Amino acid sequence: MNTVVLSAKDPLAMKQAIEILQMGGLVAFPTDTVYGLGALAFNGQAVESIFVAKDRPVEKAIPVLIADADDLGKVCATVPEIALKLGTRFWPGALTVVVPKHPDLPPAISSSPTVGVRIPDHPVARNLLRIAGPMAVTSANLSGKSNPCSAQEVQDQLGGRIALIIDGGRTPGGVPSTVVDCTGLEAQVLRAGPISKEEVMAILGHIG
């Protein structure tokens, strides 16, 4: 496979990305942390191909990225009030909420009844997500290798394995997002990140 690299400023980049995604292909693009590798979230075969491209263990769940908080209902069975509250405060940004998985999402995204959802704080990523809809996205690297912060670093690892890389310049890298389980009566911080547990609980103190 020939991996095409297009600048995010190229007017053809988004058009080509959407065409590739709709055909079940994979696209790498910049996010607010590292470059992500994504497929349309509701295309099970495309999601499975992420594992192949990355040599990723199949038991590892893949988060879903959305463009706006209003899209949360598209990917979860019921929208928890906790998730809405946190999303209103911290999205777009370094917050992943774990919510009940929409029944139409493929098993490849998550073998459990839940799914992690985030809105990235990056204009290229959000533009793509607004046009394409929810996407299953993980870091655009070979499993176990360093996370890529440039299009060239993606090409070095995944060149020949994916259809398109959108070059949006260097990304900042940084700490992975804070993960909060919103499926119970009370929020559980599963992974600390840029947003502290104290910040999460301060917001949720207003619920109830």
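The values are calculated or read from the model by the stated rules, or taken from the named source; none is laboratory data. Bear in mind that the values here come from a model prediction, so they are computed numbers and not experimental data. Neighbour counts run over all protein chains shown; Cβ positions are idealised from the backbone, glycine included. Note: areas computed on protein heavy atoms with side chains; ligands, DNA, RNA excluded. Shrake-Rupley method; radii C 1.70, N 1.55, O 1.52, S 1.80 Å.
Which translational diffusion coefficient, to the nearest whole µm²/s, is obtained for the stretch 141-205 from the Stokes-Einstein equation, given a Kirkwood hydrodynamic radius over C-alpha pairs, 4 °C and 1.567 mPa s?
The diffusion coefficient I find is 89 µm²/s.
How far apart, in nm, are the 7 Å Cα→Cβ label points at Asp121 and Lys145?
2.9 nm
Please compute the Cα-Cα pair-distance distribution of the chain with 5 Å bins starting at 0, giving whole percents from short to long.
1, 8, 17, 21, 21, 16, 10, 5, 2, 0, 0
What accessible area per residue comes out for the stretch 1-65, rounded to a whole number of Å², with a 1.4 Å probe?
That works out to 46 Å² per residue.
Expressed in nm to one decimal, what extension gain is obtained for the pair Val175 and Asp156 from 0.36 nm per residue of sequence separation less their Cα-Cα distance?
Going from the current span to full extension adds 4.6 nm.
Where Lys and Arg each count +1 and Asp and Glu each count -1, what net charge lies around Leu86 among other residues with Cβ under 13 Å from its Cβ?
My count for the surroundings of Leu86 gives 0.
Ignoring ligands, DNA and RNA, what percent of the 1.4 Å accessible area of the chain is carbon and sulfur?
Carbon and sulfur atoms account for 53 percent of the accessible area of the chain.
Taking the radius of gyration and the Kirkwood hydrodynamic radius from Cα positions alone, what is the Rg/Rh ratio for the stretch 77-153, to two decimal places?
Checking Rg against Rh, the ratio lands at 0.98.
If r is the Cβ-Cβ distance from Val58 to Met23 and R0 is 25 Å, what FRET efficiency results, to the nearest 0.05?
Calculated value: 0.65.
Return one whole number: the accessible area per residue of the stretch 141-187 in Å², for a 1.4 Å probe.
Accessible surface, normalised per residue, equals 47 Å².
Restricting the calculation to Cα positions, tell me the Rg (one decimal) and the Dmax (whole number) of the stretch 54-103 in Å.
12.1, 36
For the stretch 46-139, what number of Lys pairs, 8 or more residues apart or on separate chains, have alpha-carbon atoms under 19 Å from each other?
4
Could you list which residues have their amide H under 5 Å from that of Gly36, counting only those 5 or more apart in sequence or on another chain, with H placed in the peptide plane?
The answer is Phe29, Thr31, Ala140.
Counting GluC sites (Glu not before Pro) as exposed when in a DSSP loop with at most 15 other beta carbons within 10 Å, what is the longest stretch of the chain free of them?
60-185
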